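Reviewing the structure listed below.
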Amino acid sequence: MTAEASSLKAGPHRTLSRDLLAPVLKEAGIAALVAFGLAVFMIGFRTVDAQGGLQLETRWSWVGIAVGAVFVGRLALALRRHWRRADQGPGILSALSTRLGAG
């Protein structure tokens, strides 16, 4: 397998290797799983007034949209965090602590 086949191109100087992709997808998947657990009861069910009492109405499409949005958002944040670290080097707190003599 060539180096190009084992990595996905994500920008002019950025490559998304499998070593990075697995933890990023795992993080996004866990966030989506937590969102699903919360959304099932908060968004997935709705009580409606029916003849003879209350009934539960399901809204699975809303749950799917919420879980998908969390997955995509968490994936974007994790990738942005990785690329920002690679592009900028040390963060501002690290630079300040070095200047102040703490590091």
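All of 21, 75, 33 fail the test of being modelled with pLDDT under 90, surrounded by 11 or more Cβ atoms within 10 Å (Cβ to Cβ) and within 21 Å of the chain's Cα centre (by Cα), apart from 21. Say whether the condition of being of a type in the set (A, V, I, L, M) and at pLDDT 85 or above is met by at least one residue in region 8-17. Within region 8-17, not a single residue is of a type in the set (A, V, I, L, M) and at pLDDT 85 or above.
The values are calculated or read from the model by the stated rules, or taken from the named source; none is laboratory data. Treat the numbers as computed from the prediction; the structure is a model and nothing was measured. Counting neighbours? That spans all protein chains shown, and the Cβs are built from the backbone with ideal geometry, glycine included.
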